[in-house]
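Let me begin by presenting the structure, written as structure tokens, before commenting on it.
The values are calculated or read from the model by the stated rules, or taken from the named source; none is laboratory data. Please read all numbers here as calculations on a predicted model, not as lab measurements. Note that we place each Cβ from the backbone using ideal geometry, even for glycine, and neighbour counts take in every protein chain shown. Heavy atoms of the whole protein, side chains included, go into the accessibility calculation; ligands, DNA and RNA do not. Shrake-Rupley method; radii C 1.70, N 1.55, O 1.52, S 1.80 Å.
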Amino acid sequence: MTTADRSAYLTEAMLGRFRERAAGYDAANAFFHEDFAELVDSGYLRMLVETPPGDEGGMGRAAAAQRVLAAAAPATALGVNMHLVWTAVAGLLADRGDASLQFVLDEAAGGEVFAFGVSEPGNDAVLFDSLTRVERLADGVLSYTGT
């Protein structure tokens, strides 16, 4: 990722502020509120909505941006990665003609933030190799089975 590519989302000034705050967030075990606000304002959380993962290196640019962010503020990068994973999954499904997560892209474009936790052992491919299954029961209730 070139400096020009990332400057739309991550300026040198932002990265400097993130570096200055990172140790304080870690020491206090605190959420990165100031970093998060700056990332929201810059459009960082919409990067995979504005450039879908499969379009012209969208995923590559997002991964490069995350590496730059992680070098300045590791916990901030980890925290926003949960949202970027969802926008990436939704975008990749949309690229393949599956609109089941289009609402994620639409709501992320409007400023909503998504996150998740996955703790299944051996679940290295995010949700694509999950052993947990969901079944819609006759009364419309969803039943989950698995770890």
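Grab the Cα-Cα distance for GLU34 and THR11, subtract it from 0.36 nm times how many residues apart they are, and report the gain in nm with one decimal. Walk me through the numbers on the way to the answer.
Working: separation 23, 0.36 × 23 = 8.28 nm, distance 1.48 nm.
Answer, rounded to one decimal: 6.8 nm.
Within the range 15-106, which GluC sites (Glu not before Pro) sit in a loop by DSSP and count at most 10 neighbouring Cβ atoms inside 10 Å? Don't jump to the answer; show the numbers that get you there.
Details: sites: GLU20, GLU34, GLU38, GLU50, GLU56; in loops: GLU56.
Answer in residue order: GLU56.
Accessible area, 1.4 Å probe, largest first: how do THR145, THR76 sort?
Final ranking, largest accessible area leading: THR145, THR76.
From the phi of every residue in the range 35-46, what ³J(HN,Hα) in whole Hz does the Karplus formula 6.51 cos²θ - 1.76 cosθ + 1.60 yield, where θ is phi - 60° and glycine or proline is x?
Those phi angles translate into 4, 4, 4, 5, 5, 4, 4, 7, x, 3, 6, 9 Hz.
With every protein chain left in place, what is the accessible area per residue of the range 22-97 in square angstrom, probe 1.4 Å? Spell out each step's value before the answer.
Working: 3510 Å² over 76 residues.
Value returned for the range 22-97: 46 Å² of accessible area per residue.
If each residue of separation counts as 0.36 nm, what is the full-extension length gain between ASN81 and SER42 once their alpha-carbon separation is subtracted?
Values: separation 39, 0.36 × 39 = 14.04 nm, distance 1.56 nm.
Length gained, ASN81 through SER42: 12.5 nm.
Please list, by residue number, every one of the chymotrypsin sites (Phe, Trp or Tyr not before Pro) in the range 20-100 that is coil in DSSP and has at most 14 other beta-carbon atoms within 10 Å. Please report the intermediate quantities before stating the final value.
On the way: sites: TYR25, PHE31, PHE32, PHE36, TYR44, TRP86; in loops: PHE31, PHE32.
Listed in order of number, the matching sites are PHE31.
Rounded to whole Å, give me the distance from the Cα center of the range 11-83 to that of the range 130-145.
Computed from Cα coordinates, the inter-centre distance equals 34 Å.
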